[in-house]
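J.: What follows is a structure written as structure tokens; I'll ask about it next.
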Amino acid sequence: MTQSEAVAGRVAPPVVPRVRRPRSVLVFAAYAWLAAVIGMALLASLLPLAPYITAVGVPHQGPRWGSLELSMGTDYLGRSILSRAVHGARVSLVVGTVASLIGVVVGGLLGMLAGYLGGRLDAVVRLLTDAMLAFPPLILLMALSSVLTPSMGTLLLGLTLLVIPTFVRLARANTLAWSAREFVLAARNMGAGHRAILLKEILPNVLPTLAAYLPVVMAAMIVAEGSLSFLGLGIPPPTPSWGGMIEDGKDAITDSPHMVLMPALIIFLTVFSLNLAGDHLRRRFDRTLQD
Amino acid sequence: MLLTVVSRIGRGLLVVLLVSFAVVGLMSLAPGSVAEVILGENATPEAIAALNAELGMDRPFLARYLDWLGDALRGDLGTSPLTNQPVTEAIMERLPVTLQLAAMALLIALAVAVLLAVASAVRPGGPVDRAVNVVSSVFLSVPAFIAGPVLIYVFALQLGWFPVIGWSDVDEGLAANLRGALLPAVSIALIEIAAFHRVLREDLVGTLREDFVGAARAKGMSPSYVMFRHALRPSSMSLITLAGINLGRLVGGTVIVESLFLLPGLGQLLTTSIVSRDLITVQGVVVFVAVVYVVINTAVDLSYRLIDPRVRKAALA
């Protein structure tokens, strides 16, 4: 056996122990909560819940066991807070997902081009991102909402504008790091054009990093949407949104604190889970953090 | 050295110019002219056109922007058509409240974050570090519009330690002023505590592995002396950058808490102006905030040289 192997010139493959990654209960719980929220939002209309505009009980009623609709209490019109939270999840998730995805595509593309081609394009892109980052985020959203009538579309526009510069910077920094590597030089020497190098050599390496930042950016988007709705400048009623629910309840916090605390808890858990998931993914995929 | 300073300032000016152009351009896209707001809904089209001509609103956009820029450079951001108050005056009236909130929040965040980071960095991965990290992750997920109501509920309504809403000027006594400002400031500070802690902990852990720290310890200096006198300063670079960048979020936070706690600051001016469609004031406040933000970040960039002599040398070499 050993002889035949030696004759064939083969060496037993070295035994490399699997890299052990610490597993955290907290991270698992975070993914579970996110899955639950996404599932509830997708199936919102199939769940045995009253529509979010109909009253199910007395206004300002506290949480009560036994009834699903009343398990989180009712708001100032007697509408089920659970039902409104489930439907509000749709707004938060759609806004968070769509804005971050458009941001990744547009910002990632611009950042890669600027980092790879350099020169004048790079200078212009950097100046524009600097200018966009010069607005405190909420102030930019408020300025937009003063000009455009609040709706899902304008909200998405504002939030997308907000995330693009972040991804431009991230993609640019990573592209700069990867462009200097040997395999890019090798590809260029083998006659690959700019487009082939960007798509085949650089994009596959930059993409995991960008994707790893998605959860954190989504959390920031959900917070931004919540802040805007809290100021009464978000999605107009009666469509529920998490920030709007806190705004509805904040004047009644003395007598019915559940109207604020329930949506606050849901937003907190979601943002917390997204942040944990983001940290988890970033530790695994962000090269600029590892090198 | 001088060249980098000049080019950094030039870049800042360019960004300020772009920002003001974008804001004025954005506001000119708004449906409904200033004249319509002043004259109300029943005004005849002729009256609106006449007033527009009088205000110079019928001229091309670039000419209007240059006019606006000239006035703004002289400190005149226009006059609100609704309250007849100059925007600059309105901003200056409200500014102290917002400044105090932001400064208090920043101080609280820095103080707590430094203590937490030091506690973490003493033994990375130890029980204290892990506990502090969990607290920090929790704080990172508490935006101002959640922290505010929850803090009100616990500390103002249940415990009765603080007033629920309202603002008392420093003239009415420093204690009352601080008592009113503390809850709003803490509401904004929580998320920054977490952000600062993360960055400073990372840098401290790195610095504590360096040779000069080992040398200081070998000389028999006490652990706390090494930590605070030797390790903290070279580790604070990222912290200061982050403090500058996060100032934007801090300003956003003041908007939220000013609306929640009914504090007469810049954020409240912005919110009420947006609701009443007073676009001249909105434009003035947004440009003002953005310019201050750019100026501070440019200053932060330049201040590295003061904090870390190594950067000075690197720039010279």
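Any read-out appearing in this document is the output of simple, stated calculations on the displayed coordinates, not a laboratory observation. Not measured: the values here are computed from a predicted model. For neighbour counting, all protein chains shown are included, and Cβ atoms are generated from backbone atoms with ideal geometry for every residue, glycine included.
J.: Place the peptides B:280-286, B:117-123 in order of packing, highest mean first, counting for every residue the other Cβ atoms within 10 Å and averaging per peptide.
T.: Going by the mean number of other Cβ atoms within 10 Å, highest first, we get B:280-286, B:117-123.
J.: Report the FRET efficiency, 1/(1 + (r/R0)^6), for B:Gln158 and A:Leu127, where r is their Cβ-Cβ distance and R0 is 45 Å, rounded to 0.05.
T.: 0.35
J.: Excluding A:Val260 itself, calculate the net charge of residues whose Cβ lies under 14 Å from the Cβ of A:Val260, where each Lys or Arg counts +1 and each Asp or Glu counts -1.
T.: After counting each charged neighbour, the total is -3.
J.: What's the extension gain from A:Leu117 to A:Leu157 if we count 0.36 nm per residue and subtract their Cα-Cα distance?
T.: Contour length minus the Cα-Cα distance gives 11.6 nm.
J.: So what are the ³J(HN,Hα) numbers for the stretch B:91-99, from phi and the Karplus equation (6.51, -1.76, 1.60; θ = phi - 60°), rounded to whole Hz, Gly and Pro as x?
T.: Per residue, the Karplus-derived 3J(HN,Hα) values read 5, 5, 5, 8, 4, x, 4, 5, 4 Hz.
J.: While we're here: With r as the distance between the Cβ atoms of A:Ala186 and B:Leu178 and R0 = 56 Å, compute the FRET efficiency 1/(1 + (r/R0)^6) and round to 0.05.
T.: Rounded to the nearest 0.05, the efficiency is 0.30.
J.: Over all alpha-carbon pairs of chain B, lay out the pair-distance distribution in 20 Å bins, whole %, shortest bin first.
T.: 26, 48, 23, 3, 0
J.: Between B:Phe228 and B:Thr83, with labels modelled 7 Å along Cα→Cβ, what's the label distance in nm to one decimal, could you check?
T.: The modelled label-to-label distance comes out at 4.5 nm.
J.: Hey, another quick one. In deg cm²/dmol, rounded to 500, what helix-only [θ] at 222 nm does chain B give when every DSSP H run of at least 4 residues adds -39500 (n - 2.57) and the total is split over its residues?
T.: Helices in chain B give a 222 nm mean residue ellipticity of -24500 deg cm²/dmol.
J.: Below 8 Å between Cα atoms, with a sequence gap of 6+, how large is the relative contact order for the stretch B:148-235 in percent?
T.: Computed value for the stretch B:148-235: 20 percent relative contact order.
J.: Between B:Glu210 and B:Ile245, what length in nm is gained on full extension when 0.36 nm per residue of separation is reduced by their alpha carbon distance?
T.: Length gained between B:Glu210 and B:Ile245: 9.8 nm.
J.: Can you list residues from other chains, or at least 5 along the same chain, whose modelled amide H is less than 5 Å from the amide H of B:Thr79?
T.: For B:Thr79, whose amide H was placed from the backbone, the distant partners under 5 Å are B:Val87.
J.: Here's a follow-up. Which whole-number percent of Cα pairs in the protein assembly as shown have a distance greater than 31 Å?
T.: Summing the P(r) tail past 31 Å for the protein assembly as shown gives 58 percent.
J.: Contour minus end-to-end for B:Ala103 and B:Leu73, with contour as 0.36 nm per residue of separation and end-to-end as the Cα-Cα distance?
T.: 8.2 nm
J.: Okay, moving on. Please work out the ratio of the alpha-carbon Rg of the stretch B:60-189 to 2.2 N^0.38 Å and round it to two decimals.
T.: The reported ratio for this selection is 1.51.
J.: Please identify every one of the chymotrypsin sites (Phe, Trp or Tyr not before Pro) in the stretch B:41-112 that sits in a loop by DSSP and has no more than 11 other beta carbons within 10 Å of its own beta carbon.
T.: none
J.: Among the helices of chain A (complete DSSP H runs), which have Cα atoms covering no less than 20 Å along the helix axis and a Kyte-Doolittle mean of at least 0.0?
T.: Helices meeting the span and hydropathy rule in chain A are A:25-42, A:81-117, A:119-133, A:152-179, A:203-230, A:258-285.
J.: Now, a different point. Amide H of A:Arg79 versus every other amide H placed in the peptide plane: which residues, excluding those fewer than 5 positions away on the same chain, fall under 5 Å?
T.: Under 5 Å from the amide H of A:Arg79: A:Val56.
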